[in-house]
Amino acid sequence: MSDTAAGRRPIRVDDLYRYTFLADPQISPDGERVAYVQTHIDDTEDKYVSQIRIAAVVGGEILPFTRGKRDTYPRWSPDGQTIAFLSDRTGDKQQVWLIPAEGGEARQLTDVEEGVREFSWSPDGSRIAFASMVREGLLTGCEEEPDDDVRIITRIRFKLNGAGFTYDRFSHLFVVDVAGEGSSRRITDGLFSHTGPTWDPSGQYVACSAVRCDEPDDANFTDIYLFPADGPADQSPVKVTASKGPTASAKISGSGAHVLYSGHHNQYYGATISSLLVTSIVDGKTQDLLQDFPTTVGCSVGSDCRYGASAGGPVFSGDDAEVFFLSTASGHCNLYAVDTKTFDVRQLTDRQWAVTGFTYSEEAGRFALMAGDDLNPGDIWIFDANEGMKQLTSVNHWLESEILLSEPEEIRFTGAGGKSIQGWVMMPVEDSRKNDDGQYPMILEIHGGPHAAYGHGFSHEFHLLTALGYAVVYANCHGSLGYGQAFNAATHHDWGGKDYRDLMSAVDHVLTTRPVDSGRLGVTGGSFGGYMTNWIVGQTDRFAAAVTQRSTCNRYSMFGTSDVGFNHGDWEFPGYPWRNPMGYLDHSPITYVDNVNTPMLIIHSENDLRCPISQAEEWFVALKKLKKEVVLARFADENHELSRSGKPKRRIKRLSLIADWFDRYLK
């Protein structure tokens with residue numbers, strides 16, 4: 001299947017170094033320019049380098065704007081004259097810097113010990129509110145100073161994947177005068193974290209999400225609070241919402257009367273799909289703007305070729321008549337608008353792609369989008385209802401001209417309970433693994449979550465496997481986002497049930513419709529996908545090789561060792577494990593380890609706090625004790641995000657290990 005006439009070649013492992021990753025498109029107030037973050041890999045230093053670029057909407061000229069090594073989070077001042085951004089150019093922590101929008105020397109604005117995580121301009125551009133971690137002590141009543149050699153822990157949320165130990169740190173809000181010398185004042189206090197600072201139109205208040213209650217660590221909800229921007233840290237905030245669930249991405253309406261946020265009421269706990277909620281600041285009444293809308297707010301389509309976060313709304317239109325938002329449906333994510341009075345929803349973009357972020361200029365009536373698809377990691381686009389769509393960047397154009405890529409083909413098949421399930425198959429781009437009957441080996445890929453989704457997102461891993469001669473199949477089994485609430489909540493007390501049957505049906509469907517060798521099947525996945533990989537090989541011998549990544553095998557021990565495991569007893573599993581041990585063990589792959597005959601490679605990061613390394617060790621020791629064929633690959637100094645944002649050389653090593661393992665058993 002090679003395309004030598006066109007001069008293109010299959011993709012290679014080390015092509016990872018060539019990608020350019022874009023993120024966080026920020027359109028200027030007048031809609032004429034877009035600032036965004038551009039990241040590439042410096043292979044000599046084995047690190048990611050992020051800098052800010054500015055693209056002109058008319059003419060398309062793109063200019064480098066900053067030259068730091070980690071410049072992120074560009075935000076235009078309300079008058080469009082200044083750009084604030086985060087940079088670590090004077091230390092190991094990111095601080096807020098200011099630079100004229102027309103270019104010039106950057107000026108450092110903040111200097112806080114733990115650095116700045118996120119910030120927001122005041123409406124008049126005179127101040128910036130920001131969030132920073134603050135160390136609040138041991139919380140034990142002891143008077144001793146904190147000791148890094150001895151951690152006295154009293155909180156259940158004492159660690160977080162990617163951040164490490166957080167038991168004595170909380171996110172607090174500060175306000176700094178833009179014209180000043182960088183002296184900031186703290187406006188929140190307490191043993192609570194405050195995130196997502198945003199201003200009300202008057203500039204008197206800063207709104208944020210927080211859990212301010214007696215047992216904040218045990219709460220699975222947040223509320224929106226208003227803090228006076230000029231007040232002391234120990235002021236009493238105004239509590240706007242009375243939430244039963246999460247509140248994220250808060251925005252105050254232009255009238256100042258309502259707060260908009262994405263969230264839900266925890267009807268299905270962590271399996272509840274997010275909606276758009278609006279609460280009156282005057283009387284606290286809350287409306288769900290998407291009462292009958294079947295899919296979730298935000299982008300849930302996965303990819304291993306994104307770096308950096310993108311602002312993704314929701315946002316009010318200038319007259320508060322509409323709210324713009326992203327929504328994931330059937331494997332793609334597009335931009336939508338909902339009328340705040342009638343609740344009518346209209347789709348603004350309609351492409352087979354994943355929009356991962358957007359911003360809006362009311363003055364120009366334009367949107368800046370960050371979007372990618374199966375064959376392109378992502379570019380910056382402009383969408384104008386009158387002028388249509390316009391692509392501003394083409395940073396990975398070498399893929400189209402040099403690389404022969406396998407285009408995913410959508411499949412539909414009948415899954416558990418007679419449900420129609422959506423999936424995709426990618427056929428090999430070369431024939432080296434084809435047998436005498438013209439059949440290819442195939443690998444089943446399984447996404448994490450479980451409440452995530454496959455779709456129109458670029459996967460270097462998938463393209464690499466097709467370049468090596470493998471067919472790849474992947475599907476959105478029960479529990480995946482983008483198909484309504486009932487489908488998403490179907491994992492309730494049923495991990496390894498309907499989801500397992502769906503995945504086996506996906507394999508069966510491809511075996512009957514594509515030239516695939518049933519004797520050369522592989523399976524792999526990460527996080528929940530790793531759990532399912534472990535589960536599958538304990539239920540069937542039909543796979544000749546397996547690679548389990550950042551997986552879990554024992555849901556009983558996972559409850560108390562993961563940074564989020566203790567939340568799963570609310571919905572995914574039946575109560576506390578010590579009260580219902582068999583409810584956990586019946587759905588734990590370790591219970592069925594005697595049945596495993598599939599050669600297994602275990603890939604796990606030693607600093608993974610989401611699925612702790614102990615899960616890999618339990619699985620490995622059990623398989624070794626039973627004399628099964630198993631290898632454990634441990635990645636030092638990496639966390640749960642190895643495949644997406646780990647050190648580049650370690651990402652290359654991980655892909656090479658996967659390829660070598662499948663080559664050994666599926667040739």
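The values are calculated or read from the model by the stated rules, or taken from the named source; none is laboratory data. Fair warning: this is a prediction, and the values are worked out from it, not measured in the lab. So basically every Cβ, Gly included, is an ideal-geometry build from the backbone, and we count neighbours across all protein chains shown.
Tabulated data for the structure shown
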{"item": "Wholly within the range 498-607, helices (runs of 4 or more DSSP H) carrying at least 2 residues that are surrounded by 23 or more Cβ atoms within 10 Å (Cβ to Cβ) and in contact (Cβ under 8 Å) with a residue 40 or more places away in the chain", "result": "498-513, 528-539, 555-561"}
{"item": "Residue check for R351: surrounded by fewer than 22 Cβ atoms within 10 Å (Cβ to Cβ), assigned to a strand (DSSP E or B) and not β-branched (V, I, T)", "result": "no"}
{"item": "Odd one out for E362 among (1) within 29 Å of R644 (Cα to Cα); (2) out of contact with any Cys (no Cβ under 6 Å at 6 or more places or on another chain)", "result": "(1)"}
{"item": "Residue that is crowded, with 23+ Cβ neighbours inside 10 Å, at pLDDT 95 or above, more than 30 Å from F458 (Cα to Cα) and β-branched (V, I, T), where the choices are V278, V301, V323, V259", "result": "V259"}
{"item": "Residue selected from the range 1-60 under the condition among the polar types (S, T, N, Q) and over 23 Å from the mean Cα position of the chain (by Cα), by the criterion surrounded by the fewest Cβ atoms within 10 Å (Cβ to Cβ)", "result": "T44"}
{"item": "Hits in the range 453-491 - residues which are closer than 18 Å to Y531 by Cα and in contact with a Pro (Cβ under 7 Å, 6 or more places away or on another chain)", "result": "G479, T491"}
{"item": "Residue check, A416 of a type in the set (A, V, I, L, M, F, W, C), surrounded by 14 or more Cβ atoms within 10 Å (Cβ to Cβ) and without any contact (Cβ under 8 Å) to a residue 40 or more places away in the chain", "result": "no"}
{"item": "Of all residues making up the range 176-203, the number that are of a type in the set (G, A, S), surrounded by 15 or more Cβ atoms within 10 Å (Cβ to Cβ) and either modelled with pLDDT under 95 or within 22 Å of D111 (Cβ to Cβ) (or both)", "result": "4"}
{"item": "In the range 237-294, the residues that are part of a strand (DSSP E or B), under 22 Å from I187 (Cα atoms) and hydroxyl-bearing (S, T, Y)", "result": "T247, S249, Y261"}
{"item": "The range 204-220 - residue that is in a loop (DSSP other than H, G, I, E, B) and surrounded by fewer than 19 Cβ atoms within 10 Å (Cβ to Cβ) and, of those, modelled with the highest pLDDT", "result": "Q204"}
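One line per residue, one yes/no per condition, for (1) farther than 16 Å from D344 by Cβ; (2) of a type in the set (V, I, T); (3) touching a strand residue (DSSP E or B) at 6+ places or on another chain (Cβ under 7 Å):
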| position | (1), (2), (3) |
| --- | --- |
| V282 | yes, yes, no |
| Q287 | no, no, yes |
| D292 | no, no, no |
| C299 | yes, no, yes |
| C305 | yes, no, yes |
| A309 | yes, no, yes |
| G313 | yes, no, yes |
| E322 | no, no, yes |
| F325 | no, no, yes |
